[in-house]
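The next block holds one structure in the form of structure tokens; read it before the comments.
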Amino acid sequence: MSTSQSSDSRRARREAESGHKGRRRAEIPSHQRWAPRMAVLGTLAVATIAMPLSAGAQDGPAAPFGPDGRPTGPSALDLVNNPASAEPTSEYVAAAPKIDGRAQAASRSVERAPLPDCDPTVKPTSANGRLTGHELCDLWQPGESLRPDAAVALSAMNEAFRSTFGRDMCLVSSYRTIASQVSLKGSRGAFAAKPGTSFHGWGLAIDLCSSETGNREVYSWINKNGGVYGWANPSWAKRGGGGAYEPWHFEFTEGVVELGGPT
């Protein structure tokens with residue numbers, strides 16, 4: 001075979017092989033060739049979107065940013081290979097103490113010292129309506145006073161009330177002497193307790209002004225928050241409670257229970 005014939009033969013084989021490969025590629029539909037690529041691109045797109053949404057969602061003091069101010073974190077490929085799961089509860093949140101509302105309020109009242117000259121550990125030993133000046137603490141409203149622990153608790157509540165409504169709670173009465181109890185019994189009859197038995201006489205009760213009981217928002221706040229500070233409208237004073245309906249009457253529950261009274 002001549003050199004030219006040999007060269008022609010090799011060229012023909014190459015062209016035949018090239019045509020065969022072209023046919024094999026042509027046999028694979030175009031949409032099938034793109035499917036795997038689209039799947040990978042789609043996964044990477046989802047991962048790329050997921051990263052900014054999860055940025056900053058970490059608990060704890062560590063900030064998710066590098067020295068250059070750019071967000072740090074897993075790459076898109078990391079997220080594809082290791083799908084993110086829900087973050088566990090932060091150790092800081094889990095370790096936070098569950099503070100009782102009453103204890104917290106008492107703590108705050110001590111920190112703010114609403115009545116700095118009032119010693120809440122003092123417990124009266126005098127008879128009902130005959131408490132001495134040492135057994136009472138003056139309130140923010142002139143002429144009104146209560147036994148020390150009740151006074152401190154109510155004053156703390158009044159601070160919260162003032163921060164909410166911009167003014168002090170208005171009181172009709174608080175501690176009542178035996179003389180005032182006798183006078184009130186004479187003028188109000190069945191609507192007043194027997195002299196010497198009223199919790200006003202122990203410095204454990206207050207009567208609110210109509211400006212408080214007549215305002216739905218204010219009265220709702222007092223009923224909702226009173227218990228936090230130990231003050232409540234007793235069950236007997238509620239409508240259908242078995243006693244005279246007195247929505248204005250609130251008592252320092254701890255002191256009432258201590259004396260064996262109803263709440």
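The values are calculated or read from the model by the stated rules, or taken from the named source; none is laboratory data. Because the structure is predicted, anything quoted here is derived from the model rather than measured. Note: ideal-geometry Cβ built from the backbone for every residue, glycine included; neighbour counts use all protein chains shown. Calculation scope for accessible area: heavy atoms of the full protein, side chains included, ligands and nucleic acids excluded. Shrake-Rupley method; radii C 1.70, N 1.55, O 1.52, S 1.80 Å.
Per residue, how many Å² of accessible area does the stretch 106-263 show with a 1.4 Å probe? Show your work: numbers first, answer last.
Numbers: 7840 Å² over 158 residues.
Accessible area per residue: 50 Å².
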Accessible-area composition of the stretch 195-250, carbon plus sulfur, in percent [1.4 Å probe]: 52 percent
Please compute, for the alpha-carbon atoms of the stretch 105-250, the extent along each of the three principal axes and give them in descending order in Å. 41, 37, 24
Other-chain or far-sequence residues with amide H under 5 Å of Val172's (modelled H): Asp207, Leu208, Cys209
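Nearest 0.05, what FRET efficiency do Asp119 and Leu259 give at R0 = 22 Å with Cβ-Cβ as r? Don't skip to the end; give the middle numbers.
On the way: r = 20 Å, r/R0 = 0.89.
It comes to 0.65.
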Would you mind calculating the gained length between His134 and Phe191 on full extension (0.36 nm times residue separation, minus the Cα-Cα distance), in nm to one decimal? 17.5 nm
